[in-house]
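The values are calculated or read from the model by the stated rules, or taken from the named source; none is laboratory data. What you are looking at is a predicted structure, and each value in this text was computed from that prediction instead of being measured. Positions of Cβ are backbone-derived with ideal geometry, glycine not excepted, and every protein chain shown enters the neighbour counts. Calculation scope for accessible area: heavy atoms of the full protein, side chains included, ligands and nucleic acids excluded. Shrake-Rupley method; radii C 1.70, N 1.55, O 1.52, S 1.80 Å.
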Amino acid sequence: FAVNEVNENPNILSNITLGFQIYDSYCDAKMTYQNTLNLISHHRKTIPNYKCGVEKNLVAAIGGLESETSSHMASILELYKILQ
């Protein structure tokens, strides 16, 4: 809802379009790492920094409900200077 509101109102963030992606970790460390790599990869290929075609500029990520999930995500995202 919030993303749609921001995108539809030119007075909030002009010339910027927000998007979102949802990944489920299934409370499993392996899935958390895999999905975090998917988040920073392009074209459904788990190859970080590989950019071909559509650009997506990830500037932030929201962690999981459990601190352990967020910690696993942060260990990868901090390498790419992505909050947090």
Can you work out which of the residues in segment 4-37 that are farther than 18 Å from Ala60 by Cβ and among the hydrophobic types (A, V, I, L, M, F, W, C) is least open to solvent (accessible area, probe 1.4 Å)?
-> Ala29
Which residues, counting only those in segment 38-66, are open to solvent by 100 Å² or more (accessible area, probe 1.4 Å), modelled with pLDDT of 85 or more and over 10 Å from the mean Cα position of the chain (by Cα)?
-> Leu65
Could you grab the pairs with beta carbons closer than 8 Å, sequence gap of 6+ or different chains, first residue in segment 64-84 and under 13 Å from Lys30 (Cα atoms) and of a type in the set (Val, Ile, Thr), second one assigned to a helix (DSSP H, G or I) and open to solvent by 30 Å² or more (accessible area, probe 1.4 Å)?
-> Ile76/Tyr33; Ile76/Leu37
